[in-house]
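Working notes, structure below.
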Amino acid sequence: MACEAGPPPATPPISPGNASAPREVNIIAKDWQFLPDPVDVLPGETVLLHIINGGLEVHEVVIGDAAVQDAWETAEAASADHPPGPTPAVSVSPDVAGLRVVVASGQRVDVSWTVPANAGEGRSASALMVGCHIPGHWAKGMVVPIRIVLRSPAP
């Protein structure tokens, strides 16, 4: 008799974080994926992201919409196949920078992020994403959506 796990459990209700008491959220980067998939957040909440690199290579977490992801993909591509020596610094225009954190293998970086208050309004749920743009990583599928969870009306 095979063991069946059944459908995944429903996401429990989220208690939103704020600036003085952010909700803690783990994002684990592995070689070529992020966990959880998707990342659930509430509009306007503050979260303390624990970004953990459980992979063998350096990874980054870039949070933003398609314009942000495209900007970092283009900037990082310019650093591909660089000659030996220090890795070239990459940057993008502040208006498409989003949030970017680079994490070495086996390391954890914590960063506070406030979800835009208008997230989820008039936009698809996949408008915000978590991506890695270290050359070749995006192409290997290192991207997950950020799901905007709208609060349920009080009973």
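Worth a mention:
- Where N is the number of residues in the range 9-113, Cα Rg divided by 2.2 N^0.38 Å: 1.19
- Residues R23, R147, R108, ordered by accessible area of protein heavy atoms at a 1.4 angstrom probe radius and largest first, appear as R108, R147, R23.
- Figure note: D95, D110 ranked by solvent-accessible area, largest first, 1.4 Å probe, ligands and nucleic acids not counted: D95, D110.
- The stretch between S93 and I28 holds 20.7 nm of extra length on full extension. This uses 0.36 nm per residue minus the Cα-Cα distance.
- In terms of packing, defined here as the mean over residues of other Cβ atoms within 10 angstrom, the peptides 56-65, 69-78, 112-121 line up highest first as 56-65, 69-78, 112-121.
- FRET efficiency for L56 and L35, using Cβ-Cβ distance with R0 set to 25 Å, rounded to 0.05: 0.95
The values are calculated or read from the model by the stated rules, or taken from the named source; none is laboratory data. In this text, all values refer to a predicted model and were calculated from it rather than measured experimentally. Neighbour counts are summed over all protein chains in view; Cβ atoms, including those assigned to glycine, are modelled from backbone coordinates with ideal geometry. Each accessible area value is taken on the protein alone, full model and side chains, heavy atoms only, with ligands, DNA and RNA left out. Shrake-Rupley method; radii C 1.70, N 1.55, O 1.52, S 1.80 Å.
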